Amino acid sequence: MVETLESIISFIVVFGALVFFHELGHLLLAKRAGILCREFAIGFGPKVFSFKKSETLYTIRLLPLGGFVRMAGEDPETIELKRGQVVGLLLDSEGRVEKIVLNHKDDYPNIRVVEVEDADLEHGMYVTGYADGERLERFAVKEPAFFVVDRQEIQIAPYHRQFAAKTLGQRTMTILAGPLANFLLAVLVFIIIGLLQGYPVDKPVIGELTPDGAARAAGLKQGDEVIAINGERMETWTEIVNTIRAHPEEPLEFQIERNGKDMSVTVTPEAKTIQGETIGLIGVYQPMEKSVFGSVKQGLVETYYWTREIATGLVQLITGQFQLDMLSGPVGIAVSTGKVAESGIYYLMKWGAILSINLGIVNLLPLPALDGGRLLFFAIEAVRGKPVDRQKEGMVHFIGFALLMLLMLVVTWNDIQKFFL
């Protein structure tokens, strides 16, 4: 029970951080483009915690399975003023509309009640209506202004603050920023690991020794520089590993340098069979170093390596070389995260970085409802010279989202069978 709870907590923390940085990328570029961002949410479902800063409501929701940035113009439901509708207008000292109250008008003693004749809250920013049931008046709407519905304020978004009003380049960067944030997060995490723990180097030096390995029993020590093995000169750690692996249960004479003195140590590798192949092991880890430049380089190299590996796996999945039941969903990731957490914080950090790369790559796939699907429509717009009809695009994304949810159910069922049944 305790292990299950730890797995769940580890998953929520790691996955929540990945989603946070992904959505933060969208948020920062959207705000930079001048888009009104109504909500920045981590999770789905009912709100657990929320606060508002400037124009944006920041929320944590109950189900930690994703997140979103709700931008003006992308809202599933919008408020429109219709002819004949009776609303209350709260005006500033210059007679401009600050708030449009749709109900509970009695809460505002100084409200101007009007019957709407016409309204343009995107371009012209005005409301015309019959005040006091007689005179037709035109009221300018200031920025920012708000609807008040059930005592809740909703900021009115003029067209120039909406997502669709921005240039193709601004919209593209806003969507692309999410996956890019995941790659940047991975680089940053690998750099931090390198600064704190060190990073592996391909030098002929003995790294950390295992307590019960042949190297420790023979007298090797961490930091020993390996000059040669059985008279063959060693230039890299890779050469040392290959030599040891090739001689299971055969005595090897290590010529080493320790504290400026040359020494000779005989080590007999233990034999171990891995995937049908018998290799030699002596219980020594690769040497590690710490430096700012080296950590940055290692962060970039690790990110590139895992990006290539994950992309290769996706290609194998598409071409049928990788079976669907080998995929993992939230349940499988949660179980794996719990197991990795047991190995220590650095392993958990590396696992989180790999998951971040995975999230970035998956979101770049040109599938409906994903960031890559949005980017595909932007590419079509660039070729056509005009955007695809929003209703048609919305329908494609809706169908794609439904199919993705179906795939998620299949993968989750596979995870449950694999780990619990």
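Nearest 0.05, what FRET efficiency do residue 92 and residue 304 give at R0 = 41 Å with Cβ-Cβ as r?
On the way: r = 55 Å, r/R0 = 1.35.
Calculated transfer efficiency: 0.15.
Multiply the residue separation of residue 159 and residue 288 by 0.36 nm, subtract the distance between their alpha-carbon atoms, and state the gained length in nm to one decimal.
Between residue 159 and residue 288, full extension yields an extra 40.9 nm.
For the pair residue 398 and residue 62, what calculated FRET efficiency results from E = 1/(1 + (r/R0)^6), where r is the Cβ-Cβ distance and R0 = 25 Å, to the nearest 0.05?
0.60
Would you pull out the residues with amide H under 5 Å of residue 89's amide H, same chain only if 5 or more places away, H placed 1.01 Å from N?
Residues meeting the amide H criterion: 101, 112, 113, 114.
List the relative contact order of the chain as a percent without decimals, with contacts defined as Cα pairs under 8 Å and 6+ residues apart.
Once normalised by length, the contact order is 14 percent.
Roughly how many whole Å is it from the C-alpha centroid of the range 189-230 to that of the range 47-82?
The distance from the Cα centre of the range 189-230 to that of the range 47-82 comes to 51 Å.
Size of the dipole of the range 84-201 about the Cα centre, Lys and Arg at +1 and Asp and Glu at -1 on the beta carbon, nothing else charged, in debye to 20?
The calculated dipole for the range 84-201 is roughly 700 debye.
May I ask which residue of 141, 179, 130 lies farthest towards the positive end of the charge dipole of the chain, with charges of +1 (Lys, Arg) and -1 (Asp, Glu) on Cβ and the Cα centre as origin?
So the residue furthest toward the plus end is 130.
When the C-alpha atoms of the range 22-66 are aligned to their principal axes, what extent does each axis show, in angstrom, from largest down?
That gives 30, 20, 10 Å along the principal axes, largest extent first.
At 30 angstrom or more along the helix axis (alpha-carbon based) and mean Kyte-Doolittle of 0.5 or higher, what helices does the chain contain? Whole DSSP H runs only. Please list the in-between numbers first.
Numbers: long enough: 2-32 (44 Å, 1.27); 168-196 (41 Å, 1.86); 292-318 (39 Å, 0.44); 390-420 (43 Å, 0.77).
The qualifying helices are 2-32, 168-196, 390-420.
Count neighbours as other Cβ atoms within 10 Å of each site's Cβ, and list the chymotrypsin sites (Phe, Trp or Tyr not before Pro) in the range 159-245 that are DSSP loop with at most 12 such neighbours. All intermediate terms of the calculation are to be shown ahead of the outcome.
Numbers: sites: 159, 163, 183, 190, 237; in loops: none.
Answer by residue number: there is no such site.
Taking the Cα centre of the chain as origin, sum charge times position over the Cβ atoms of Lys and Arg (+1) and Asp and Glu (-1), and report the length of that vector in debye to the nearest 20. Kindly include the intermediate steps, with their values, before the conclusion.
On the way: 40 positive and 50 negative charges, 153 e Å.
Using only the charged Cβ atoms, the result is roughly 740 debye.
Fully extended, how many nm does the chain gain between residue 184 and residue 275 (0.36 nm per residue separation, minus their Cα-Cα distance)? List each step's numbers first, then the result.
Numbers: separation 91, 0.36 × 91 = 32.76 nm, distance 3.56 nm.
Here the answer is 29.2 nm.
Show the residues, 5+ positions off or on another chain, whose built amide H is closer than 5 Å to the amide H of residue 48.
Under 5 Å from the amide H of residue 48: 60, 61, 62.
How high is the FRET efficiency between residue 228 and residue 314 when r is their beta carbon distance and R₀ equals 45 Å, given to the nearest 0.05?
The formula returns an efficiency of 0.55 here.
When only Cα pairs under 8 Å and 6 or more residues apart are kept, what is the percent relative contact order across the range 236-288?
The value is 35 percent.
When a/c is below 1.5 the answer is rounded, else prolate if a/b is larger than b/c, else oblate, so apply that to the range 143-291 with a ≥ b ≥ c taken from the square roots of the Cα gyration tensor eigenvalues.
Cα axes put the range 143-291 in the prolate bin.
Work out how much length residue 44 to residue 196 would gain on full extension: take 0.36 nm times their residue separation and subtract the Cα-Cα distance, in nm to one decimal.
Taking 0.36 nm per residue and subtracting the Cα distance, the gain is 51.3 nm.
Please sort by residue number the GluC sites (Glu not before Pro) in the range 194-295 whose DSSP state is loop and whose Cβ has at most 14 other Cβ atoms within 10 Å.
Sites meeting the loop and neighbour criteria: 208, 235, 249.
Towards the positive end of the charge dipole of the range 241-352, with charges on Cβ (+1 Lys, Arg; -1 Asp, Glu), say which of 287, 330, 317 has the farthest Cα.
330
Using the C-alpha gyration tensor of the range 58-164, what are the square roots of 5 times its eigenvalues, in whole angstrom, with the largest one first?
Working: eigenvalues 160, 51, 29 Å².
For the range 58-164, the ellipsoid semi-axes come out as 28, 16, 12 Å.
Coordinate-derived values only; no laboratory data. Note that the structure is a prediction, hence the values are computed from the model and not measured. Methodologically, a virtual Cβ is constructed for each residue, glycine included, from the backbone with ideal geometry; neighbour enumeration extends over all protein chains shown.
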